[in-house]
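Asks: Once you've had a glance at the structure underneath, I'll fire off some questions.
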Amino acid sequence: TAAVTTSSTPPPVSTPVSTPPSSMSTPSGTTSSGTPTVSTPSTCSSLTTNPTSATTPKLPDPFTMVSGTKVTTKSAWTCRRAEISQLLQVNELGTKPPKPSSVTGTLSGNTLTINVSDSGKSISFTATISYPSSGTAPYPAIIAYGAASIPIPAGVATITFNNDDLGTQNDSSSRGKGKFYTLYGSNHSAGAMIAWAWGVSRIIDALESVSNSRINTQRIGVTGCSRNGKGAMVAGAFDDRIALTIPQESGSGGSACWRLSDSMKAGGTNVQTASEIVGENVWFSTAFNAFSNSVPKLPVDHHELAGLVAPRGLFVIENTSMEWLGNLACYGCMKAAQTIYTALGATANFGFSQVGNHNHCQFPSSQQSELYAYINKFLLDQSTTTSVFRTDGSFNFDSAGWMPWTVPTLS
Ligand code: MCU
(Lines give C-alpha, C1' and ligand atoms only; values in the text may rest on other atoms or scores of the structure.)
Protein backbone atom coordinates (compact mmCIF):
# COMPACT_ATOMS: atom_id res chain seq x y z
CA THR A 1 0.00 0.00 0.00
CA ALA A 2 1.46 3.27 -1.02
CA ALA A 3 1.14 6.08 1.43
CA VAL A 4 -0.63 9.22 0.45
CA THR A 5 1.88 11.80 1.41
CA THR A 6 1.45 15.49 1.77
CA SER A 7 5.09 16.40 2.09
CA SER A 8 6.74 17.80 -0.97
CA THR A 9 9.03 20.53 -2.00
CA PRO A 10 6.91 23.33 -3.39
CA PRO A 11 7.43 23.76 -7.11
CA PRO A 12 9.08 26.93 -8.32
CA VAL A 13 6.63 29.75 -8.74
CA SER A 14 6.25 30.14 -12.44
CA THR A 15 4.87 32.94 -14.51
CA PRO A 16 1.39 32.39 -15.88
CA VAL A 17 1.20 31.99 -19.61
CA SER A 18 0.00 35.38 -20.72
CA THR A 19 1.11 35.34 -24.31
CA PRO A 20 -0.43 32.52 -26.28
CA PRO A 21 1.91 30.85 -28.71
CA SER A 22 1.37 32.07 -32.24
CA SER A 23 0.27 28.65 -33.32
CA MET A 24 -0.59 25.39 -31.71
CA SER A 25 0.64 22.08 -32.81
CA THR A 26 -2.03 19.57 -33.67
CA PRO A 27 -1.21 16.62 -31.49
CA SER A 28 -4.36 14.75 -32.29
CA GLY A 29 -5.27 13.31 -35.63
CA THR A 30 -5.16 9.99 -37.28
CA THR A 31 -2.21 7.71 -36.94
CA SER A 32 -0.06 6.48 -39.75
CA SER A 33 -2.22 3.40 -40.02
CA GLY A 34 -5.43 5.37 -39.75
CA THR A 35 -6.19 4.18 -36.22
CA PRO A 36 -7.84 6.98 -34.32
CA THR A 37 -6.17 8.34 -31.21
CA VAL A 38 -8.45 11.30 -30.69
CA SER A 39 -9.19 12.21 -34.22
CA THR A 40 -9.69 15.72 -35.45
CA PRO A 41 -12.34 15.53 -38.14
CA SER A 42 -11.20 17.33 -41.27
CA THR A 43 -14.34 19.43 -41.14
CA CYS A 44 -13.23 21.08 -37.87
CA SER A 45 -11.42 24.37 -38.12
CA SER A 46 -8.06 24.01 -36.43
CA LEU A 47 -7.15 25.82 -33.28
CA THR A 48 -4.48 28.40 -33.96
CA THR A 49 -4.15 30.07 -30.58
CA ASN A 50 -3.84 28.78 -27.09
CA PRO A 51 -6.46 30.70 -25.09
CA THR A 52 -4.54 31.10 -21.85
CA SER A 53 -4.92 34.83 -21.27
CA ALA A 54 -8.53 34.75 -20.13
CA THR A 55 -9.24 34.02 -16.49
CA THR A 56 -11.90 31.38 -15.93
CA PRO A 57 -12.48 30.97 -12.20
CA LYS A 58 -15.42 28.57 -12.60
CA LEU A 59 -15.29 25.31 -14.53
CA PRO A 60 -14.82 25.99 -18.24
CA ASP A 61 -17.93 25.46 -20.36
CA PRO A 62 -17.47 22.21 -22.29
CA PHE A 63 -20.09 23.29 -24.82
CA THR A 64 -18.50 26.51 -26.07
CA MET A 65 -15.72 26.39 -28.65
CA VAL A 66 -12.62 28.54 -28.12
CA SER A 67 -14.04 30.72 -30.91
CA GLY A 68 -17.11 31.40 -28.77
CA THR A 69 -19.45 29.30 -30.90
CA LYS A 70 -21.91 27.18 -28.93
CA VAL A 71 -21.90 23.46 -29.50
CA THR A 72 -25.40 22.31 -30.40
CA THR A 73 -24.86 19.18 -32.48
CA LYS A 74 -23.02 15.89 -32.04
CA SER A 75 -20.97 16.73 -35.07
CA ALA A 76 -19.89 20.05 -33.54
CA TRP A 77 -19.03 18.16 -30.36
CA THR A 78 -16.46 16.09 -32.28
CA CYS A 79 -14.71 19.37 -33.11
CA ARG A 80 -14.97 20.65 -29.55
CA ARG A 81 -13.68 17.31 -28.35
CA ALA A 82 -10.66 17.57 -30.64
CA GLU A 83 -10.10 21.09 -29.31
CA ILE A 84 -10.25 19.89 -25.68
CA SER A 85 -7.84 17.10 -26.54
CA GLN A 86 -5.37 19.62 -27.97
CA LEU A 87 -5.76 22.03 -25.05
CA LEU A 88 -5.12 19.26 -22.54
CA GLN A 89 -2.07 18.00 -24.42
CA VAL A 90 -0.52 21.41 -24.99
CA ASN A 91 -1.10 22.88 -21.53
CA GLU A 92 -1.16 19.96 -19.18
CA LEU A 93 -0.25 16.50 -20.33
CA GLY A 94 2.13 16.79 -23.28
CA THR A 95 1.68 15.39 -26.76
CA LYS A 96 0.69 11.80 -27.39
CA PRO A 97 2.56 10.63 -30.50
CA PRO A 98 0.49 8.76 -33.09
CA LYS A 99 1.02 5.11 -33.91
CA PRO A 100 4.57 4.70 -35.21
CA SER A 101 5.18 3.02 -38.55
CA SER A 102 6.32 -0.18 -36.92
CA VAL A 103 4.48 -1.85 -34.05
CA THR A 104 4.61 -5.61 -33.81
CA GLY A 105 3.46 -8.03 -31.17
CA THR A 106 4.40 -11.58 -30.30
CA LEU A 107 2.71 -13.77 -27.76
CA SER A 108 4.72 -16.42 -26.01
CA GLY A 109 2.84 -18.21 -23.25
CA ASN A 110 1.17 -15.39 -21.35
CA THR A 111 3.73 -12.77 -22.27
CA LEU A 112 2.89 -10.28 -24.96
CA THR A 113 5.99 -8.56 -26.29
CA ILE A 114 5.47 -5.24 -28.03
CA ASN A 115 8.22 -4.03 -30.37
CA VAL A 116 8.04 -0.45 -31.54
CA SER A 117 10.32 1.43 -33.92
CA ASP A 118 10.10 5.06 -34.82
CA SER A 119 12.57 7.24 -36.70
CA GLY A 120 15.41 4.75 -36.40
CA LYS A 121 14.98 4.01 -32.70
CA SER A 122 13.43 0.90 -31.19
CA ILE A 123 12.04 -0.24 -27.87
CA SER A 124 10.48 -3.42 -26.65
CA PHE A 125 8.23 -3.91 -23.64
CA THR A 126 6.00 -6.66 -22.32
CA ALA A 127 2.54 -7.12 -20.84
CA THR A 128 1.29 -10.24 -19.08
CA ILE A 129 -2.07 -11.72 -20.00
CA SER A 130 -3.98 -13.68 -17.41
CA TYR A 131 -6.70 -15.60 -19.26
CA PRO A 132 -10.02 -16.32 -17.57
CA SER A 133 -10.88 -19.88 -16.64
CA SER A 134 -14.42 -19.49 -17.97
CA GLY A 135 -16.10 -17.77 -20.85
CA THR A 136 -15.26 -18.04 -24.49
CA ALA A 137 -12.42 -16.68 -26.58
CA PRO A 138 -11.90 -14.08 -27.81
CA TYR A 139 -12.11 -12.73 -24.26
CA PRO A 140 -12.70 -9.18 -23.17
CA ALA A 141 -9.75 -7.84 -21.19
CA ILE A 142 -8.91 -5.19 -18.64
CA ILE A 143 -5.50 -3.59 -18.91
CA ALA A 144 -4.34 -2.95 -15.35
CA TYR A 145 -1.66 -0.42 -14.55
CA GLY A 146 0.73 -2.11 -12.13
CA ALA A 147 -1.75 -4.64 -10.78
CA ALA A 148 -5.52 -4.61 -10.67
CA SER A 149 -6.92 -3.46 -7.34
CA ILE A 150 -10.51 -4.01 -8.39
CA PRO A 151 -12.14 -7.45 -8.65
CA ILE A 152 -12.30 -8.71 -12.23
CA PRO A 153 -15.31 -10.92 -12.96
CA ALA A 154 -15.23 -14.36 -14.54
CA GLY A 155 -14.83 -14.39 -18.28
CA VAL A 156 -12.62 -11.29 -18.42
CA ALA A 157 -8.86 -11.45 -18.98
CA THR A 158 -6.45 -9.19 -17.10
CA ILE A 159 -3.51 -7.68 -18.93
CA THR A 160 -0.89 -6.40 -16.51
CA PHE A 161 0.92 -3.36 -17.80
CA ASN A 162 4.13 -2.21 -16.17
CA ASN A 163 3.52 1.46 -16.89
CA ASP A 164 6.59 2.56 -14.92
CA ASP A 165 8.74 0.80 -17.52
CA LEU A 166 7.56 3.29 -20.16
CA GLY A 167 7.52 6.37 -17.93
CA THR A 168 9.32 6.33 -14.60
CA GLN A 169 7.37 7.93 -11.74
CA ASN A 170 9.58 7.81 -8.67
CA ASP A 171 9.63 11.53 -8.00
CA SER A 172 10.50 14.79 -9.71
CA SER A 173 13.85 13.37 -10.80
CA SER A 174 12.05 10.85 -13.07
CA ARG A 175 11.47 13.43 -15.81
CA GLY A 176 12.18 12.00 -19.24
CA LYS A 177 13.02 8.52 -17.96
CA GLY A 178 11.60 5.25 -19.24
CA LYS A 179 11.29 3.50 -22.59
CA PHE A 180 8.91 6.05 -24.09
CA TYR A 181 11.71 8.60 -23.76
CA THR A 182 14.28 6.19 -25.18
CA LEU A 183 12.16 6.30 -28.32
CA TYR A 184 11.12 9.96 -28.34
CA GLY A 185 13.92 11.67 -26.43
CA SER A 186 14.16 12.75 -22.80
CA ASN A 187 12.97 16.25 -23.72
CA HIS A 188 9.68 15.07 -25.21
CA SER A 189 6.74 17.13 -23.92
CA ALA A 190 4.81 14.10 -22.68
CA GLY A 191 4.45 13.69 -18.96
CA ALA A 192 4.46 10.14 -17.62
CA MET A 193 0.68 9.73 -17.99
CA ILE A 194 0.85 10.36 -21.73
CA ALA A 195 3.85 8.02 -22.01
CA TRP A 196 1.73 5.32 -20.35
CA ALA A 197 -1.34 6.09 -22.47
CA TRP A 198 0.82 5.76 -25.57
CA GLY A 199 1.97 2.38 -24.20
CA VAL A 200 -1.63 1.22 -23.74
CA SER A 201 -2.37 2.16 -27.35
CA ARG A 202 0.62 0.14 -28.49
CA ILE A 203 -0.55 -2.87 -26.44
CA ILE A 204 -3.88 -2.66 -28.27
CA ASP A 205 -2.06 -2.33 -31.63
CA ALA A 206 -0.06 -5.45 -30.78
CA LEU A 207 -3.19 -7.36 -29.72
CA GLU A 208 -4.84 -6.37 -32.99
CA SER A 209 -1.92 -7.76 -34.95
CA VAL A 210 -1.35 -11.01 -33.08
CA SER A 211 -3.46 -13.79 -34.53
CA ASN A 212 -3.36 -16.02 -31.43
CA SER A 213 -4.10 -13.43 -28.73
CA ARG A 214 -7.60 -14.77 -27.93
CA ILE A 215 -8.43 -11.22 -26.79
CA ASN A 216 -11.35 -9.24 -28.18
CA THR A 217 -9.84 -5.83 -28.92
CA GLN A 218 -13.35 -4.40 -29.26
CA ARG A 219 -13.88 -5.09 -25.56
CA ILE A 220 -10.90 -3.58 -23.79
CA GLY A 221 -11.07 -1.89 -20.40
CA VAL A 222 -8.36 -0.01 -18.53
CA THR A 223 -7.89 0.49 -14.80
CA GLY A 224 -5.39 1.69 -12.23
CA CYS A 225 -5.47 3.11 -8.72
CA SER A 226 -4.28 6.39 -7.31
CA ARG A 227 -1.47 7.78 -9.51
CA ASN A 228 -2.22 4.90 -11.85
CA GLY A 229 -5.89 5.81 -11.68
CA LYS A 230 -5.03 9.24 -13.02
CA GLY A 231 -3.15 7.40 -15.74
CA ALA A 232 -6.09 5.12 -16.51
CA MET A 233 -8.33 8.13 -17.07
CA VAL A 234 -5.81 9.64 -19.47
CA ALA A 235 -5.50 6.33 -21.36
CA GLY A 236 -9.26 6.15 -21.82
CA ALA A 237 -9.44 9.77 -22.89
CA PHE A 238 -6.85 9.35 -25.63
CA ASP A 239 -7.71 6.05 -27.29
CA ASP A 240 -11.18 5.49 -28.71
CA ARG A 241 -10.63 1.75 -28.81
CA ILE A 242 -10.96 1.54 -25.02
CA ALA A 243 -14.53 0.48 -24.33
CA LEU A 244 -14.49 0.96 -20.54
CA THR A 245 -12.30 3.19 -18.37
CA ILE A 246 -12.17 2.53 -14.62
CA PRO A 247 -10.05 5.03 -12.69
CA GLN A 248 -9.87 4.12 -9.00
CA GLU A 249 -9.13 6.73 -6.31
CA SER A 250 -7.41 8.96 -8.85
CA GLY A 251 -8.18 12.17 -6.96
CA SER A 252 -6.42 15.35 -8.05
CA GLY A 253 -4.90 14.92 -11.48
CA GLY A 254 -7.59 12.36 -12.27
CA SER A 255 -11.26 12.71 -11.41
CA ALA A 256 -10.84 15.97 -9.48
CA CYS A 257 -10.97 19.38 -11.13
CA TRP A 258 -8.01 21.66 -10.38
CA ARG A 259 -10.30 24.60 -9.69
CA LEU A 260 -12.30 22.66 -7.13
CA SER A 261 -9.19 21.31 -5.40
CA ASP A 262 -7.82 24.86 -5.13
CA SER A 263 -11.11 26.03 -3.66
CA MET A 264 -11.06 23.21 -1.09
CA LYS A 265 -7.46 24.05 -0.21
CA ALA A 266 -8.41 27.70 0.26
CA GLY A 267 -11.12 26.51 2.62
CA GLY A 268 -8.60 24.66 4.75
CA THR A 269 -8.78 21.10 3.41
CA ASN A 270 -5.53 19.18 3.05
CA VAL A 271 -6.09 18.33 -0.58
CA GLN A 272 -3.64 17.83 -3.43
CA THR A 273 -3.50 20.82 -5.76
CA ALA A 274 -1.84 21.62 -9.07
CA SER A 275 0.68 23.66 -7.13
CA GLU A 276 1.73 20.62 -5.13
CA ILE A 277 1.51 18.00 -7.88
CA VAL A 278 3.94 19.60 -10.33
CA GLY A 279 6.71 19.34 -7.75
CA GLU A 280 5.85 15.88 -6.49
CA ASN A 281 6.23 13.84 -9.64
CA VAL A 282 6.42 13.88 -13.44
CA TRP A 283 2.87 12.84 -14.29
CA PHE A 284 2.30 16.07 -16.23
CA SER A 285 4.15 17.90 -18.96
CA THR A 286 6.45 20.69 -17.81
CA ALA A 287 4.00 22.95 -19.70
CA PHE A 288 1.66 22.53 -16.75
CA ASN A 289 4.10 24.27 -14.39
CA ALA A 290 2.97 27.62 -15.78
CA PHE A 291 -0.53 27.00 -14.42
CA SER A 292 0.27 25.45 -11.08
CA ASN A 293 -0.28 28.73 -9.25
CA SER A 294 -2.72 30.20 -11.74
CA VAL A 295 -5.24 27.44 -12.38
CA PRO A 296 -7.95 29.88 -13.61
CA LYS A 297 -5.75 30.54 -16.66
CA LEU A 298 -5.97 26.92 -17.69
CA PRO A 299 -8.50 26.79 -20.54
CA VAL A 300 -9.66 23.28 -19.57
CA ASP A 301 -10.27 21.22 -16.45
CA HIS A 302 -10.76 17.56 -15.69
CA HIS A 303 -14.50 17.36 -16.31
CA GLU A 304 -13.41 17.79 -19.92
CA LEU A 305 -10.69 15.15 -19.63
CA ALA A 306 -13.39 12.70 -18.50
CA GLY A 307 -15.61 14.09 -21.25
CA LEU A 308 -13.13 12.90 -23.88
CA VAL A 309 -14.09 9.37 -22.89
CA ALA A 310 -17.76 10.01 -23.69
CA PRO A 311 -19.88 8.32 -24.88
CA ARG A 312 -17.75 5.24 -24.14
CA GLY A 313 -18.06 3.52 -20.76
CA LEU A 314 -16.53 5.30 -17.77
CA PHE A 315 -16.88 4.19 -14.15
CA VAL A 316 -15.10 6.43 -11.65
CA ILE A 317 -14.37 4.98 -8.22
CA GLU A 318 -13.50 7.33 -5.35
CA ASN A 319 -12.94 7.12 -1.59
CA THR A 320 -14.40 9.64 0.85
CA SER A 321 -12.00 8.61 3.61
CA MET A 322 -8.94 10.15 1.96
CA GLU A 323 -8.81 13.89 2.48
CA TRP A 324 -5.91 14.26 0.00
CA LEU A 325 -8.09 13.10 -2.93
CA GLY A 326 -10.58 15.95 -2.44
CA ASN A 327 -14.08 14.56 -2.04
CA LEU A 328 -15.95 17.58 -3.28
CA ALA A 329 -13.39 18.22 -6.03
CA CYS A 330 -13.91 14.70 -7.42
CA TYR A 331 -17.67 14.71 -6.95
CA GLY A 332 -18.21 18.17 -8.45
CA CYS A 333 -15.85 17.56 -11.33
CA MET A 334 -17.57 14.32 -12.24
CA LYS A 335 -21.00 15.99 -11.93
CA ALA A 336 -19.71 18.41 -14.54
CA ALA A 337 -18.38 15.54 -16.67
CA GLN A 338 -21.77 13.87 -16.47
CA THR A 339 -23.29 16.82 -18.34
CA ILE A 340 -21.20 15.85 -21.38
CA TYR A 341 -22.60 12.32 -21.31
CA THR A 342 -26.08 13.73 -20.86
CA ALA A 343 -25.67 16.09 -23.80
CA LEU A 344 -24.66 13.10 -25.92
CA GLY A 345 -27.70 11.14 -24.74
CA ALA A 346 -25.44 8.66 -22.94
CA THR A 347 -25.90 9.43 -19.23
CA ALA A 348 -26.04 5.73 -18.39
CA ASN A 349 -22.58 5.10 -19.89
CA PHE A 350 -21.03 7.10 -17.08
CA GLY A 351 -20.79 6.18 -13.41
CA PHE A 352 -19.40 7.72 -10.26
CA SER A 353 -19.27 5.95 -6.92
CA GLN A 354 -17.55 7.55 -3.93
CA VAL A 355 -17.46 5.38 -0.83
CA GLY A 356 -15.29 5.60 2.29
CA ASN A 357 -14.29 3.57 5.34
CA HIS A 358 -11.58 1.56 3.64
CA ASN A 359 -7.89 2.01 2.95
CA HIS A 360 -6.52 3.62 -0.17
CA CYS A 361 -6.91 1.29 -3.18
CA GLN A 362 -8.76 -1.35 -1.14
CA PHE A 363 -11.91 -1.91 -3.13
CA PRO A 364 -14.96 -2.11 -0.83
CA SER A 365 -17.47 -4.87 -1.50
CA SER A 366 -20.29 -2.31 -1.41
CA GLN A 367 -19.17 -1.07 -4.83
CA GLN A 368 -18.89 -4.46 -6.46
CA SER A 369 -22.35 -4.72 -7.98
CA GLU A 370 -21.94 -1.25 -9.47
CA LEU A 371 -18.54 -2.08 -10.92
CA TYR A 372 -19.80 -5.36 -12.34
CA ALA A 373 -22.79 -3.65 -13.95
CA TYR A 374 -20.34 -1.52 -15.99
CA ILE A 375 -18.03 -4.42 -16.82
CA ASN A 376 -20.95 -6.67 -17.74
CA LYS A 377 -22.42 -4.02 -19.99
CA PHE A 378 -19.33 -2.69 -21.74
CA LEU A 379 -17.08 -5.75 -21.81
CA LEU A 380 -19.47 -8.71 -21.61
CA ASP A 381 -22.31 -7.33 -23.76
CA GLN A 382 -24.95 -7.80 -21.09
CA SER A 383 -27.86 -5.52 -20.56
CA THR A 384 -27.42 -3.96 -17.12
CA THR A 385 -28.50 -0.79 -15.33
CA THR A 386 -25.58 1.61 -15.11
CA SER A 387 -26.69 5.04 -14.02
CA VAL A 388 -24.64 5.16 -10.81
CA PHE A 389 -23.88 8.54 -9.31
CA ARG A 390 -23.42 8.47 -5.57
CA THR A 391 -21.32 9.54 -2.63
CA ASP A 392 -21.44 8.69 1.05
CA GLY A 393 -19.69 11.97 1.79
CA SER A 394 -21.35 14.97 3.36
CA PHE A 395 -20.54 18.14 1.51
CA ASN A 396 -22.40 20.57 -0.61
CA PHE A 397 -21.44 21.04 -4.23
CA ASP A 398 -22.76 24.29 -5.65
CA SER A 399 -23.41 23.00 -9.14
CA ALA A 400 -25.10 26.17 -10.38
CA GLY A 401 -22.13 28.24 -9.25
CA TRP A 402 -19.37 25.99 -10.56
CA MET A 403 -21.07 24.89 -13.78
CA PRO A 404 -22.21 28.10 -15.47
CA TRP A 405 -23.59 26.45 -18.59
CA THR A 406 -26.82 24.96 -19.77
CA VAL A 407 -26.63 21.40 -20.96
CA PRO A 408 -27.62 21.14 -24.61
CA THR A 409 -29.26 18.09 -26.11
CA LEU A 410 -26.88 17.57 -29.00
CA SER A 411 -28.76 16.70 -32.15
C1 MCU B 1 -3.89 9.67 -5.23
O2 MCU B 1 -2.71 9.43 -5.99
C3 MCU B 1 -1.42 9.73 -5.49
C4 MCU B 1 -1.33 11.16 -5.03
O5 MCU B 1 -1.59 12.00 -6.13
C6 MCU B 1 0.05 11.44 -4.50
O7 MCU B 1 0.13 12.74 -3.96
C8 MCU B 1 0.45 10.47 -3.44
O9 MCU B 1 1.80 10.64 -3.16
O10 MCU B 1 0.31 9.16 -3.93
C11 MCU B 1 -0.96 8.79 -4.37
C12 MCU B 1 -0.78 7.38 -4.87
O13 MCU B 1 -0.45 7.15 -6.00
O14 MCU B 1 -0.86 6.41 -3.95
C15 MCU B 1 -0.63 5.09 -4.37
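The values are calculated or read from the model by the stated rules, or taken from the named source; none is laboratory data. The model shown is predicted, which means the values in this text are computed figures rather than measured ones. Heads up, the Cβs are rebuilt from the backbone with ideal geometry, glycines too, and the neighbour counts pull from every protein chain shown. Remember, those area values only see protein heavy atoms, side chains included, never the ligands or the DNA or RNA. Shrake-Rupley method; radii C 1.70, N 1.55, O 1.52, S 1.80 Å.
Asks: Restricting to the stretch 145-174, name every residue that is over 28 Å from residue 364 (Cα atoms), within 18 Å of the chain's Cα centre (by Cα) and in a loop (DSSP other than H, G, I, E, B). Steps first, answer last, please.
Replies: Kept after step one, since they are over 28 Å from residue 364 (Cα atoms), are these residues of the stretch 145-174: 165-168, 171-174.
Next, from what is left, pick out any that are within 18 Å of the chain's Cα centre (by Cα): 166-168.
Of everything in the stretch 145-174, those that are over 28 Å from residue 364 (Cα atoms), within 18 Å of the chain's Cα centre (by Cα) and in a loop (DSSP other than H, G, I, E, B) turn out to be 167, 168.
Asks: Do we have residue 122 as open to solvent by 50 Å² or more (accessible area, probe 1.4 Å), within 21 Å of residue 198 (Cβ to Cβ), at pLDDT 95 or above and not in a loop (DSSP other than H, G, I, E, B) here? Explain how you work it out, then say what you get.
Replies: Details: open to solvent by 50 Å² or more (accessible area, probe 1.4 Å): yes; within 21 Å of residue 198 (Cβ to Cβ): yes; at pLDDT 95 or above: yes; not in a loop (DSSP other than H, G, I, E, B): yes.
Spelling it out, residue 122 is indeed open to solvent by 50 Å² or more (accessible area, probe 1.4 Å), within 21 Å of residue 198 (Cβ to Cβ), at pLDDT 95 or above and not in a loop (DSSP other than H, G, I, E, B).
Asks: Follow-up question, since we're still on this one. On the given criteria, is residue 147 under 25 Å from residue 368 (Cα atoms) and open to solvent by 50 Å² or more (accessible area, probe 1.4 Å)?
Replies: Details: under 25 Å from residue 368 (Cα atoms): yes; open to solvent by 50 Å² or more (accessible area, probe 1.4 Å): yes.
When the stated conditions are applied, residue 147 passes them.
Asks: Right, residue 385: within 16 Å of the ligand (Cβ to nearest atom), among the β-branched types (Val, Ile, Thr) and assigned to a loop (DSSP other than H, G, I, E, B) or not?
Replies: So residue 385 does not fit the description; no.
Asks: Further question: Does residue 286 satisfy being surrounded by fewer than 24 Cβ atoms within 10 Å (Cβ to Cβ), more than 14 Å from the ligand (Cβ to nearest atom) and not basic (Lys, Arg)?
Replies: Details: surrounded by fewer than 24 Cβ atoms within 10 Å (Cβ to Cβ): yes; more than 14 Å from the ligand (Cβ to nearest atom): yes; not basic (Lys, Arg): yes.
Against the criterion (surrounded by fewer than 24 Cβ atoms within 10 Å (Cβ to Cβ), more than 14 Å from the ligand (Cβ to nearest atom) and not basic (Lys, Arg)), residue 286 qualifies.
Asks: Where residues in the stretch 167-196 are hydrophobic (A, V, I, L, M, F, W, C) and under 15 Å from residue 103 (Cα atoms), which of them is surrounded by the fewest Cβ atoms within 10 Å (Cβ to Cβ)? Break it down stepwise before answering.
Replies: Initial filter on the stretch 167-196 (hydrophobic (A, V, I, L, M, F, W, C)): 180, 183, 190, 192-196.
Restricting the remaining residues to those that are under 15 Å from residue 103 (Cα atoms) gives 180, 183.
On the way: 180: 29, 183: 20.
Top of the filtered list is 183.
Asks: Same structure again: Of the residues 311, 296, which single one is open to solvent by 10 Å² or more (accessible area, probe 1.4 Å) and within 17 Å of the chain's Cα centre (by Cα)? Explain how you work it out, then say what you get.
Replies: Details: 296 fails: within 17 Å of the chain's Cα centre (by Cα).
Answer to the check: 311.
Asks: To continue, here is another question. I need a count of the residues in the stretch 180-221 that are part of a helix (DSSP H, G or I) and more than 14 Å from the ligand (Cβ to nearest atom). Spell out how you get there, then give the answer.
Replies: Let us first name the residues in the stretch 180-221 that are part of a helix (DSSP H, G or I), namely 180-184, 192-209.
After this cut, where a residue has to be more than 14 Å from the ligand (Cβ to nearest atom) as well, the list is 180-184, 194-195, 197-209.
Within the stretch 180-221, residues that are part of a helix (DSSP H, G or I) and more than 14 Å from the ligand (Cβ to nearest atom) number 20.
Asks: How about the stretch 202-253: which of its residues are surrounded by 24 or more Cβ atoms within 10 Å (Cβ to Cβ) and hydroxyl-bearing (Ser, Thr, Tyr)?
Replies: Within the stretch 202-253, 223, 226, 245, 250, 252 meet the criteria.
Asks: For the list (1) in contact (Cβ under 8 Å) with a residue 60 or more places away in the chain; (2) within 16 Å of the ligand (Cβ to nearest atom); (3) buried (at least 19 other Cβ atoms within 10 Å of the Cβ), I need the number of the one condition that residue 371 fails.
Replies: (2) is the only condition that residue 371 fails.
Asks: Additional query: Restrict the check to the stretch 70-92 and report whether at least one residue is of a type in the set (Gly, Ala, Ser) and assigned to a loop (DSSP other than H, G, I, E, B).
Replies: Step one: list which residues in the stretch 70-92 are of a type in the set (Gly, Ala, Ser), which gives 75-76, 82, 85.
Okay, now just the ones that are also assigned to a loop (DSSP other than H, G, I, E, B), so none.
No, that holds for no residue.
Asks: Taking the stretch 55-95 as the region of interest, how many residues are among the β-branched types (Val, Ile, Thr) and under 19 Å from residue 259 (Cβ atoms)?
Replies: Filtering the stretch 55-95 for residues among the β-branched types (Val, Ile, Thr) gives 55-56, 64, 66, 69, 71-73, 78, 84, 90, 95.
Right, trim to under 19 Å from residue 259 (Cβ atoms) and you get 55-56, 64, 66, 84, 90.
Adding up the residues that qualify gives 6.
Asks: Further question on the same structure: Please determine, by comparing only the residues of the stretch 37-54 that are touching a Phe, Trp or Tyr at 6+ places or on another chain (Cβ under 9 Å) and under 27 Å from residue 260 (Cα atoms), which one is modelled with the lowest pLDDT. Steps first, answer last, please.
Replies: Of the stretch 37-54, the ones touching a Phe, Trp or Tyr at 6+ places or on another chain (Cβ under 9 Å) are 37-38, 52.
Checking the rest, the ones that are also under 27 Å from residue 260 (Cα atoms) come to 38, 52.
Numbers: 38: 55, 52: 97.
Ranking the candidates gives 38 first.
Asks: Separate question: Please state which one of 274, 256, 266 is at pLDDT 95 or above and away from the ligand (no atom under 15 Å from the Cβ). Talk me through it step by step, then tell me what you get.
Replies: Working: 274 fails: away from the ligand (no atom under 15 Å from the Cβ); 256 fails: away from the ligand (no atom under 15 Å from the Cβ).
Going through 274, 256, 266 in turn, just one is at pLDDT 95 or above and away from the ligand (no atom under 15 Å from the Cβ): 266.
Asks: Select from the stretch 64-98 the residues that are in contact with a Lys or Arg (Cβ under 7 Å, 6 or more places away or on another chain) and farther than 21 Å from residue 295 by Cβ and write down the one among them that is surrounded by the fewest Cβ atoms within 10 Å (Cβ to Cβ).
Replies: Applying the filter and picking the extreme gives 65.
Asks: State which residue is farthest from the ligand (Cβ to nearest atom) when the search covers only the stretch 222-249 and only residues that are outside any strand (DSSP E or B) and in contact with a Leu (Cβ under 8 Å, 6 or more places away or on another chain).
Replies: Our first condition is that a residue be outside any strand (DSSP E or B); within the stretch 222-249, this holds for 226-241, 249.
If we keep only those that are in contact with a Leu (Cβ under 8 Å, 6 or more places away or on another chain) too, we end up with 233-234, 236-238, 249.
Details: 233: 12, 234: 13, 236: 17, 237: 17, 238: 19, 249: 6 Å.
The extreme case among them is 238.
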